[in-house]
Amino acid sequence: MNITSPFSVNQTWLRCMQCGSIYSLLAERQFRCPCGGLYDVEHDFSHIPTAGELKYLFNLRMGGFNARPEPWEQSGVWRYRELIMPFLPPDQIVSLAEGNVPIVRAGHNLREWTGVKNLWLILEGMTPTGSFKDYGMTALMSVAKAAGIKAVACASTDDTSASAAAFAAAARIKCSVLMPAGLVTAVQGVHPAIHGAFIIMLPGSFDDCMRVQQELVANYGVYPANSLNPARIEGHQATAFQIAHYFGWNMPSWIASPVGNGSNCSSVGKGMRLLKERGFVTDTSRILGCQSEAACPLARSWSNSDRTKKGWLECYQPMEVGETTATAARIGNPVSKDKVIREVIASNGAMEIAMEGMLNEAVAVCGSDGIFVCPQTGTALAGIRRAVYRGVIRPYDTVVAVSTATGLKFAESATRHLEKKIVRLDNCNTSSVAKILQL
């Protein structure tokens, strides 16, 4: 395939994490090595400025965006472009000024509930489409644009589809979405549609949609917007970069994240390893991957393994998913499971299972501190609490929880659990209201 590439073959490439074979980032369409392994994106960093020079540059970009006309120059992801996609020309970047999200100390109620005194949240739901997927989608769609891609597709229940549709619209690339019929809300279906995506509802689970998606990629050359495409992981690394930057280029003890298809743990681990290799940090965080009881193939196999990479892989089995409010992570066979296993092991991390009642309680407790998070974030917070109870996390460890989406995207599930807090009167009398308020 003849492609006018902004990348030199010696600058950026794909490497199979299983057999080590190298492929072209822009020419690749199968997104699995013939040996069956997943790809990593790699770059030649030998001519990139030093860590000290880049820290100065990153600080300048944080403070001087007002006079910068292009969306990517205002992006909290592309602030770190020398670490994410250093050889991609600026005119190929597809950005919606994503990634400028706050990192905040958890409120008193949540700190007490989890048992962690120094708990923080990175609120990645404060992005253009309301989820962390924007971090990776800006990188993926930029690579797609550079490769001359005309159409992309993804399997999704919400976050990926909305993000893919929005960034595809910005790039003038067509987007198709496979969704499980009856398992998504009207809002979850409308969100990608409003950006012009073509929505196809399939009579099955997310895993069925993902299987069809992978077969479309393998047999029909469809360009994937799921985390099967490793360009997504490059953008997601900004989570680790932002956390390190916020804490003065020191990593917290733990970074806790919900695990669905696995892009979050994969990218946080890869990003931390890069920061250490390039001299930005001396130590990395331990990763706590958290799954709901209804969809926990990685956490369950972790518990049954000897906690080595080989042993974990041998114990791993996909599972039939159950019902959970954490619908965005209701996945029984994560496509990036090999990368999650690699990064959790490399970080000396752990996995936890969140009971359904506990993850919903976590959302409510977080809300009592003024922050409305998604059920997937509730999974991470419940996982932290369980890890503290089991002595895996110490009460005075510094822990950052990745809040993956705004709770407003999952308001229907929150309503079901909070309906009892709503009082309905049969009249509009002030005295009746006063009585309810005990005035």
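Values quoted throughout were computed directly from the atomic coordinates according to the rules given, and no laboratory measurement underlies them. Remember, predicted model here, so these are calculated numbers, not experimental data. Positions of Cβ are generated from backbone atoms using ideal geometry, with glycine treated the same way; all protein chains shown enter the neighbour counts.
Counting only alpha carbon atoms, the long axis of helix 356-368 and the longest principal axis of the chain meet at about 80°. The order of the peptides 197-207, 131-141 by mean Cβ neighbours within 10 Å, most packed first, is 131-141, 197-207. FRET efficiency for the pair Q18 and S46, taken as 1/(1 + (r/R0)^6) with r the Cβ-Cβ distance and R0 = 30 Å, rounds to 0.75. Electrostatic bookkeeping for S131 treats Lys and Arg as +1 and Asp and Glu as -1; over the other residues with beta carbon under 11 Å from its beta carbon, the sum is -3.
Determine one quarter of the surface area of the Cα convex hull of the stretch 152-280, which equals its mean projected area, and express it in nm² to one decimal. Intermediate values should be presented prior to the final figure.
Working: hull surface 36.3 nm².
Mean projected area of the Cα convex hull: 9.1 nm².
Label sites at Q438 and R390, each approximated as a point 7 angstrom past Cα along Cα to Cβ, lie 4.0 nm apart. For E352, nonlocal amide neighbours, meaning residues 5 or more places apart or on other chains whose placed amide H falls under 5 Å from its own, are G289, C290, Q291.
What is the local net charge at G204, summed over the other residues whose Cβ is closer than 14 Å to its Cβ (Lys, Arg +1; Asp, Glu -1)? Every neighbour counted, the sum reads -2.
Which whole-angstrom value gives the distance between the alpha carbon centres of the stretch 31-66 and the stretch 362-379? Using only Cα atoms to place each centre, the spacing works out to 32 Å.
Angle of helix 375-389 to the longest C-alpha principal axis of the chain, folded into 0 to 90 degrees and rounded to 10: 80°.
Averaged over all directions, how much area does the convex hull of the C-alpha atoms of the stretch 74-139 cover when projected, in nm²?
Seen from a random direction, the Cα hull of the stretch 74-139 projects 5.3 nm² on average.
Helix content alone sets the calculated 222 nm mean residue ellipticity of the chain: runs of n ≥ 4 DSSP H residues at -39500 (n - 2.57) each, divided across all residues, give -11500 deg cm²/dmol. Between Q30, Q18, Q237, the GNM of the chain built on Cα springs shorter than 10 angstrom shows Q18 fluctuating the most. For the pair D283 and A346, the difference between a 0.36 nm per residue extended length and the Cα-Cα distance amounts to 21.5 nm. Normalised by 2.2 N^0.38 Å, where N counts its residues, the alpha-carbon radius of gyration of the chain equals 0.97.
For A411 and F247, what does the FRET efficiency come to when R0 = 41 Å and r is the distance between their Cβ atoms, rounded to the nearest 0.05?
Values: r = 32 Å, r/R0 = 0.78.
Efficiency, from the Cβ-Cβ distance: 0.80.
Net charge near E112: determine it from the other residues with C-beta under 11 Å of the C-beta of E112, scoring Lys and Arg +1 and Asp and Glu -1. Overall, the nearby charge balance is +2.
For the stretch 304-408, a/c is not less than 1.5, where a ≥ b ≥ c are the root eigenvalues of the C-alpha gyration tensor, and a/b does not top b/c. That puts it in the oblate class. For the pair D306 and M355 in one chain, pulling the backbone fully straight at 0.36 nm per residue adds 15.3 nm over the alpha carbon distance. When the Cα convex hull of the stretch 238-418 is projected onto planes of every orientation, the mean area is 10.1 nm². Using only side-chain charges placed at the Cβ, +1 for Lys and Arg and -1 for Asp and Glu, the dipole size of the chain relative to its Cα centre rounds to 400 debye. Between the beta carbons of K174 and N59, assuming R0 = 45 Å, the FRET efficiency works out to 0.70 to the nearest 0.05. Comparing S403, S46, S347 in a Gaussian network model of the chain, where Cα atoms under 10 Å apart are tied by springs, the biggest mean-square fluctuation is seen for S46.
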